[in-house]
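J.: Quick one: structure below, then a few questions.
The values are calculated or read from the model by the stated rules, or taken from the named source; none is laboratory data. Since this is a predicted model, take the numbers as computed values, not measurements. Cβ sites come from the backbone with ideal geometry, for glycine too, and all protein chains shown count toward neighbours. Areas reflect the complete protein model, heavy atoms only, side chains present, ligands, DNA and RNA absent. Shrake-Rupley method; radii C 1.70, N 1.55, O 1.52, S 1.80 Å.
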Amino acid sequence: MTEMATLILDGKRYELPLFTGTEGERAIDITNLRDQTGCVAYDPSYSNVGSCRSAITFIDGEHGVLRFRGIPIEQFERETPNFVEVAYLIIFGRLPTPAELQDFSRRMTEYAHIHEAMKYHFEAFPITAPPMAILSAMINSLSCFYPELFQLEDKEQFESAAARLLSKVRTIAAYAYRSSLGLPFIASHSNLRYCANFLHMMFSMPYELYRADPVIEDALNLVLLLHADHGQNCSTATVRLVGSSRANLFASCAAGVCALWGPLHGGANKAVIEMLQKIHDKEHSADEVLGMAKDRDTTFRLPGFGHRVYKHYDPRAAILKRACDRLLDKLGRQDPLLQIAQELEGKALNDPFFVDRGLYPNVDFYSGIILRAIGIPLNMFTVMFALGRLPGWIAQWRELHDDPSSTICRPRQIYVGQSRRDYLPLEERIDPSPDDGPDSSPQLSGIKRSE
Ligand code: CMC
């Protein structure tokens, strides 16, 4: 029997169905709330809204748990599977057999090149263009070259589109970097694995092949796979929102890149290193940075700290912190920014402001130190996040499309603007009254609340 929650509104009782996920998460189904009561639910940043049922990623933010298709991410630190294997798991729901992995990898090798015409697009961007802008534009332009993949009706078509996207986005990311330096494009190499191939396309020269140190290749592999999916975060929710209009996979993922770009989301990995560098250069002390983050009168937030879902140490950050130490140790290097990051973390985790609010390092706090050690330039950091998150976007887009109950996403709003008034002909308008200006909407605090 379906469990019900009771809502009492204006003295009337409404029964709303409850349902429970496989890990015990409970949700009140308000799909028919407006039809039944005339009210909508108000939750502007969706903190309390389950926007879909998903079988891809489980997160328990209170206990710092993250699982991909049921597998705890700590197992990926131990077993170090290839990123492509994890991408397959995320996209298709289970680990590939050796034959399936070989076949999927073969397709990716086959699809790694981009259309010659696309290469001219890079020339049209200014040399200073942010790689995230290029990435989004180029992913969207893939739609122009593969219109036959707009409708992915069968498994074969979907598999082909997924392999294409994963492979070509890697090429596009590397070329975005090379075009910013005016360097010639380097073709992918069929014998290299995903990360080594990416590093080859980034750093090889026509006269000298770049050979990735296996330690570096493994570190990049770990960074990418830890980013592979993360539930309904801002960029993934964007991919679903755009995809819900039946926009194609390329267009939906291009929108995801734009959402990821912001410093509150994927852009935080770049912001963390910029902050650490400022502390290193003595522009600010660690205490000053923490002071600014605590100042409620500024919008500054400590980059790489805090999370909408985790009120505990982000398990990805814990793995990456260990990986930083391992990588620098194996490379026999030191990075002064790692020490600053550790000091900053220590101070924050002993500060009541951060403790009381449950603010811990998130995935972006330590990933940048690894990317620096690999040699990835700072302006490419968020592109690396996008490469890692791509399997999640593809899987979520597919899940949405395979769900027969999915309809176009279309939230409502609560209108707080002017009440009905009449159009005034131009010649009758004199100086605007204070009530007429564009900023004159009553603020949200002015919403009438029921007694
Ligand atoms: N520095 C200072 N204060 C913070 C921070 C921070 N990094 N994060 C949250 N707070 C404060 C927040 O202002 C609020 O304070 P108060 O109770 O006084 O109003 C309180 O902590 C609770 O915040 P919240 O509701 O848990 O935060 P949120 O869900 O609105 O925002 C966030 C989540 C990730 C946008 C935020 O923590 C933040 O801005 N962090 C810095 C940017 C960052 O690292 N982003 C990457 C997130 S993880 C990977 C990804 O998604 O890309």
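So that you can scan it fast, the table gives a plain yes or no per residue for (1) in contact (Cβ under 8 Å) with a residue 40 or more places away in the chain; (2) touching a Cys at 6+ places or on another chain (Cβ under 8 Å); (3) buried (at least 18 other Cβ atoms within 10 Å of the Cβ):
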{"residue": "LEU165", "(1), (2), (3)": "yes, yes, yes"}
{"residue": "LYS168", "(1), (2), (3)": "yes, no, yes"}
{"residue": "SER179", "(1), (2), (3)": "yes, no, yes"}
{"residue": "GLY182", "(1), (2), (3)": "yes, no, no"}
{"residue": "HIS189", "(1), (2), (3)": "no, no, no"}
{"residue": "HIS200", "(1), (2), (3)": "no, no, yes"}
{"residue": "LEU220", "(1), (2), (3)": "yes, yes, yes"}
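J.: Scan region 65-103 for residues that are surrounded by 16 or more Cβ atoms within 10 Å (Cβ to Cβ), in a helix (DSSP H, G or I) and of a type outside the set (D, E, K, R) and jot them down.
T.: PHE76, PHE83, VAL84, VAL86, ALA87, TYR88, LEU89, ILE90, ILE91, PHE92, LEU101
J.: Further, regarding this structure: Going by the structure shown, is VAL257 of a type in the set (A, V, I, L, M, F, W, C), more than 8 Å from the ligand (Cβ to nearest atom) and either assigned to a helix (DSSP H, G or I) or farther than 23 Å from ILE394 by Cβ (or both)?
T.: yes
J.: Checking the conditions here, which among ARG107, ARG170 is over 19 Å from MET380 (Cβ atoms) and part of a helix (DSSP H, G or I)?
T.: None of the other options fit; the residue is ARG107.
J.: So which residues in region 343-380 are within 19 Å of VAL309 (Cβ to Cβ), within 9 Å of the ligand (Cβ to nearest atom) and hydrophobic (A, V, I, L, M, F, W, C), if there are any at all?
T.: ALA348, PHE354, LEU359, VAL363, PHE365
J.: Being open to solvent by 20 Å² or more (accessible area, probe 1.4 Å), within 11 Å of the ligand (Cβ to nearest atom) and within 25 Å of the chain's Cα centre (by Cα), is that true of even one residue in region 271-292?
T.: Looking through region 271-292, at least one residue is open to solvent by 20 Å² or more (accessible area, probe 1.4 Å), within 11 Å of the ligand (Cβ to nearest atom) and within 25 Å of the chain's Cα centre (by Cα).
J.: Say whether the condition of being crowded, with 24+ Cβ neighbours inside 10 Å and out of contact with any Phe, Trp or Tyr (no Cβ under 8 Å at 6 or more places or on another chain) is met by at least one residue in region 347-363.
T.: yes
J.: Of ASP314, ASP325, ASP335, which residue is more than 14 Å from the ligand (Cβ to nearest atom), among the acidic types (Asp, Glu) and touching a residue at least 24 places away in the same chain (Cβ under 8 Å)?
T.: Just a single option satisfies the conditions, and that option is ASP335.
J.: In region 279-296, what residues are without any contact (Cβ under 8 Å) to a residue 12 or more places away in the chain, over 30 Å from ALA237 (Cβ atoms) and not hydroxyl-bearing (Ser, Thr, Tyr)?
T.: Matches in region 279-296: ASP281, LYS282, GLU283, HIS284, GLU288, GLY291.
J.: Mind listing whichever residues of region 220-253 are more than 15 Å from the ligand (Cβ to nearest atom) and closer than 21 Å to ALA173 by Cα?
T.: LEU220, ASN221, LEU222, LEU225, ASN248, LEU249, PHE250, ALA251, SER252, CYS253
J.: Quick check on this structure: which one of ARG301, ARG316 is surrounded by 20 or more Cβ atoms within 10 Å (Cβ to Cβ) and either among the basic types (Lys, Arg) or at pLDDT 95 or above (or both)?
T.: Every option except ARG316 fails the conditions.
J.: What pairs can you find where one residue is in region 258-278 and farther than 15 Å from SER235 by Cα and β-branched (Val, Ile, Thr), the other is near the ligand (Cβ under 7 Å from one of its atoms) and not in a loop (DSSP other than H, G, I, E, B), and their Cβ atoms are less than 8 Å apart, with a gap of 6+ or different chains?
T.: VAL272/ASP364
J.: Give region 1-29 a look and list any residue that's assigned to a loop (DSSP other than H, G, I, E, B) and either at pLDDT below 95 or under 16 Å from CYS39 (Cα atoms) (or both), or say none.
T.: Of everything in region 1-29, those that are assigned to a loop (DSSP other than H, G, I, E, B) and either at pLDDT below 95 or under 16 Å from CYS39 (Cα atoms) (or both) turn out to be MET1, THR2, GLU3, ASP10, GLY11, ASP29.
J.: List the residue pairs whose Cβ atoms are under 7 Å apart, where the first residue sits in region 37-62 and is in a helix (DSSP H, G or I), the second is open to solvent by less than 70 Å² (accessible area, probe 1.4 Å), and the two are 6 or more positions apart or on different chains.
T.: Going by the 7 Å Cβ cut-off, the qualifying pairs are THR37/LEU9; THR37/TYR14.
J.: Okay, next question. Across region 1-22, what is the number of residues that are open to solvent by 60 Å² or more (accessible area, probe 1.4 Å) and either closer than 22 Å to SER406 by Cβ or of a type in the set (Val, Ile, Thr) (or both)?
T.: Residues meeting the conditions: 6.
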